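Data block below; observations after.
The values are calculated or read from the model by the stated rules, or taken from the named source; none is laboratory data. Computed from a predicted model, the values in this text were never measured in an experiment. Counting neighbours? That spans all protein chains shown, and the Cβs are built from the backbone with ideal geometry, glycine included. Note: accessible area is taken over every heavy atom of the protein model, side chains too, but ligands, DNA and RNA are not part of it. Shrake-Rupley method; radii C 1.70, N 1.55, O 1.52, S 1.80 Å.
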Amino acid sequence: MLMKSSSDLLDGKTRVKTQFNIANIATSMFKKRRSDYFQSLSAWRSDKVTATKTLRQFLTKKSRVASFREFLKKEFSEENLDFWLEIESYRKQKSNKQLKLAQIIHETYVDVNAPSEINIDAGTRATTKSNMQKPDSASFDLAQVRVFLLMERDSFPRFLLSKLKPTVATKTPNGPKL
């Protein structure tokens, strides 16, 4: 008589449940490690602040904005931050000044081949262009959200990692930084 393995004894539904539970356990282990990682950011360099949980929180201090801008310059994507900050300022302006600024912002960041063209999809670009017919405080909302999400999901995590990892230049023993 042949012995059946434990997986042969399980019916299809039970096997799938077991595999699902194993996947959940592995995922929760990853989440714990990830949360531990982000908790270690609480004492981020010389900044005496609690853990920065979001990019929006991070951008509340001018010193942090400057640091993030320097990082984005190295990645050739500082126009994203400039655009986001410009729109934050634009929203606070009176409507008559918004009319003047809207065209300048559009020509600087949104137009195809603009001097500081932001990376947005064609649909967002078209929507923003149509909003220029009657500019108001919400004219750039969609483009700003797209740029913010790009920074939050792409640039910001790399920025945080760059602050945690020592660079090759600082690892040189007994020698000056390269």
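Observations, loosely collected:
- Some residue of region 92-115 being under 21 Å from LEU55 (Cα atoms), at pLDDT 95 or above, of a type in the set (A, V, I, L, M, F, W, C) and touching a helix residue (DSSP H, G or I) at 6+ places or on another chain (Cβ under 8 Å): no
- Pair list, Cβ under 7 Å, 6 or more apart: region 72-96 residue open to solvent by less than 60 Å² (accessible area, probe 1.4 Å) and among the small types (Gly, Ala, Ser), other residue assigned to a helix (DSSP H, G or I) and modelled with pLDDT under 95: SER77/SER155
- Selection of region 75-86 for residues being of a type outside the set (Asp, Glu) and at pLDDT 95 or above yields ASN80, LEU81, PHE83, TRP84, LEU85.
- Some residue of region 126-135 being among the hydroxyl-bearing types (Ser, Thr, Tyr), more than 29 Å from PHE159 (Cα to Cα) and surrounded by 13 or more Cβ atoms within 10 Å (Cβ to Cβ): yes
- Selection count, region 97-106, where residues are within 18 Å of LEU142 (Cβ to Cβ) and either open to solvent by 80 Å² or more (accessible area, probe 1.4 Å) or in contact with a His (Cβ under 7 Å, 6 or more places away or on another chain) (or both): 1
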